[in-house]
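Structure, as structure tokens:
The values are calculated or read from the model by the stated rules, or taken from the named source; none is laboratory data. If you're wondering where the values come from, they're calculated on a predicted model, not measured in any experiment. Don't worry about glycine lacking a Cβ; one is built from the backbone with ideal geometry, like all the others, and counts go over all protein chains shown. Ligands, DNA and RNA are excluded from the accessible area calculation, which covers all protein heavy atoms including side chains. Shrake-Rupley method; radii C 1.70, N 1.55, O 1.52, S 1.80 Å.
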Amino acid sequence: MTGKIIAAVAALGISAVMSAAPKEFSLSSPDGKLGVHVEVGETVSYSVSHEGTPVLAPSQVSMTLDDGTVYGVESSFQGKKTRSVEERICAVNYKKKTVEDRFNELTLRFKGFNIIFRAYDDGMAYRFVSLSDAPFRVVSEQADFNFPEDRTAYVPYVRDFDRNDFSRQFFNSFENTYSHIALSDWDRDRLAFLPLVVEAPQGKKVCITEADLLDYPGMYLYNGDGGNSLHGAFAPYPDKEEQGGHNMLQMVVRSRRDYIAEYESGTAFPWRVVIVTAEDSRLADNDMVYRLATPPAADMDYSWVKPGKVAWDWWNDWNLYGVGFRAGINNDTYKYYIDFASEHGIEYVILDEGWAVNLQADLMQVVPEIDLKMLSEYAGSKNVGLILWAGYWAFDRDMENVCRYFSDLGIKGFKVDFMDRDDQKMVAFHRRAAETAAKYGLMIDFHGTYKPTGLHRTYPNVINYEGVHGLEQMKWSGPDVDQVTYDVTIPFTRMVAGPMDYTQGAMRNATRGNYRPVNSEAMSQGTRCRQLAEYVVFESPLNMLCDSPSNYIREPECSGFIAEIPTVWDETVVLDGRIAEYIATARRSGDIWYLGAMTDWNARDLTLDLSFLGEGNYEMTVYRDGINADRAACDYIRETVSVPVSRKVTFHMAPGGGYAAKIVRK
């Protein structure tokens, strides 16, 4: 009978009843500030409030299967169970050593499936769990996010789209700047990828993303009617694929099936995550995605995974000078990069695109100018590891053999690029790549990929991700692209999901009026100190030095700061910040603290409270914008000063500027 709910005996001993009236359930965060209200009737919906302020209005959830079953619509309710958890996760290769995992959980049980809701102090999450013992397909999922009124949002639209072909948007690089718009002004023909931040009353922020994406298509959002609601969208399952795309290194989807995912039996689906904060700075130090990810297998040892910095060739176009050989993709050039890395304590050198024969999608075909065995042995003798760039299809088509062969050769990992999709088949590739690489002791840096969803917790050899409008864009983007504002937006948006391979470290720096794209001698927008600060502010366990070794050698002070800075941390403290305006972050490794701050195109004075240092005497080696940095972006001052007893530090940042410091106990 439509609308009838059958309540079974719940885990807490609630007696069975039968009623046509909707069932209502309330779930609160451990600190009592965040509330989740769930209603089960003919449909299932939830709403969210924070400190009494509604942040999400009732929003319906459901999942439709190919046999006509709809999880969450006219479903037979079987009961509920609750639990509370308070523990600490020992994090691996992360921005802190331990992560607090503290939540209250409500599991609603239905015939054939469950829905799990969790309430944390900093947000909520829910997921469907199928209990099917037979194969099934998911035709669609309803993931609605209804806001109480029209609100402004930071929207990362899919960049490449065709108004006559909506599905074209499911093939994209997940890189774009943010449109700061009202929900009602959303372009109805366009999808946005995640994370996405919506502004709420009283300065609160709502960040929508997902976690534990292991075998399901990634979620996009769209606004189809110009109202206050956002809706999940998912790429259909690929049908016909053919080799093509960038240098024949991709599999391009030519047609798709009429469902989004297929399974042999029941499974737990990804978490839909709604993060709620009263302070912007809390977004920049959020652990929801990491908490919700599947832990690594207990029998796996990942102690061999070594985070670090990478001397990178592609951004600087192999542009060496003052050397006695022709720079390019050849043995002499890479021996020079290896020597540079060894002399500066940089852990890795990458061989980016060009070392394998072009257009073949075959990693066993190496160009004659490169002797990988010799280079690997030479790097090993210098205590430097080599990482190889690989197009996705070249890696996927012979994955087991590729991983075995290059691991035996002494290669330390792969930067896998140009996936440009997150349908179920591609998401499964990411997991398979992580698992296979781990088997052979190889790290993986996913480029041309979607945002992190926690795979780096499940497989700690997944050391970084792109999915960011990084510094590479400055090789070709015109002055209309505002990378400086983007830089102080992503700590509160994209970085909420996890680490990002932004590839900072430019030694050519430009003011707003002086910037121009130069592919072979690229520059950054903003000051030199901004580039240094990004090594502190941006989370990046495998962190590139994007510029030429020749340029770093000319800048020993800045190069020294970059070379010695850690890439994973024991503790992180976001001291201050406002989305799209400025940020200041402190991170600790051992007994040493690093401090980084950045501003938008507005000059800014900041006063920071360093009381987190505790008692004792400290001194800081400071890199701050010079007095002329507003017109000569490379201008900076390096000085060593004592940390005041008051622990208050005040400094000035030029337009597009930054501030970086290393803090040690005297």
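Ratio of Rg to Rh for the stretch 87-135: 1.14 [Cα atoms; Kirkwood radius as inverse mean 1/r over pairs].
Compared with the dominant principal axis of the Cα atoms in the chain, helix 528-537 is inclined by about 40°. The H on the amide N of residue 44, modeled in the peptide plane, is under 5 Å from the matching H of 61, each at least 5 residues off or on a different chain.
Residue 116 sits with roughly 30 Å² accessible to a 1.4 Å probe, with DNA, RNA and ligands left out of the calculation. Extending 7 Å from the Cα toward the beta-carbon at both residue 519 and residue 358 defines two label points whose distance is 1.1 nm. Computed over the stretch 274-360, the range of Cα coordinates on each principal axis works out to 56, 38, 35 Å, biggest value leading.
Of 502, 582, the order by accessible heavy-atom surface (1.4 Å probe, DNA, RNA and ligands excluded), from most exposed downward, is 582, 502.
For the chain, the longest principal axis of the C-alpha atoms and the axis of helix 372-381 are separated by about 80°. When only DSSP loop residues count, what GluC sites (Glu not before Pro) in the stretch 512-547 have their Cβ near at most 16 other Cβ atoms within 10 Å? Answer in residue order: 521. Please give every one of the lysines within straight-line cross-link reach of residue 415, meaning a C-alpha to C-alpha distance under 22 Å, and leave out same-chain neighbours fewer than 8 residues apart. Partners found: 95, 306, 309, 335, 373, 382, 425, 439, 451, 475. Among 313, 66, the order of accessible area from largest down is 66, 313, computed with a 1.4 Å probe on protein heavy atoms. Applying a DSSP loop filter and a limit of 15 other Cβ atoms within 10 Å to the GluC sites (Glu not before Pro) in the stretch 251-345 leaves 264, 279. Take every pair of alpha-carbon atoms less than 8 Å apart whose residues are at least six positions apart; their mean separation over the length of the stretch 81-137 yields a relative contact order of 25 percent. The slack between residue 592 and residue 160, meaning 0.36 nm per residue of separation minus the straight C-alpha distance, is 151.2 nm.
In the assembled protein chains, residue 494 presents an accessible area of approximately 10 Å² (probe radius 1.4 Å). Within the full protein context, the accessible area of residue 507 is estimated at about 10 Å² for a probe radius of 1.4 Å. The mean sequence separation of alpha-carbon pairs under 8 Å and at least six residues apart, normalised by the residue count of the chain, gives a relative contact order of 11 percent. By how many degrees, between 0 and 90 and to the nearest 10, does the Cα long axis of helix 424-439 differ from the longest principal axis of the chain? Once rounded, the angle reads 50 degrees.
Per-residue ellipticity at 222 nm, computed for the chain from helices alone with -39500 (n - 2.57) per DSSP H run of at least four residues, works out to -4000 deg cm²/dmol.
The aspartates and glutamates whose alpha-carbon is closer than 15 Å to the alpha-carbon of residue 648, local same-chain residues fewer than 8 away aside, are 576, 605, 609, 615, 619. Placing dummy labels 7 Å off each Cα toward the beta-carbon, the span from residue 613 to residue 134 is 6.8 nm.
Of all lysines in the structure, the ones whose alpha carbon falls short of 23 Å from that of residue 81, not counting any fewer than 8 places away in one chain, are 4, 23, 33, 111.
Shown here: semi-axes √(5λ) of the Cα gyration tensor in Å, derived from the displayed model; of the candidates (1) 42, 30, 23; (2) 53, 49, 24; (3) 47, 33, 23, it corresponds to (1).
Largest first, the residues 376, 84 sort by 1.4 Å accessible area into 84, 376.
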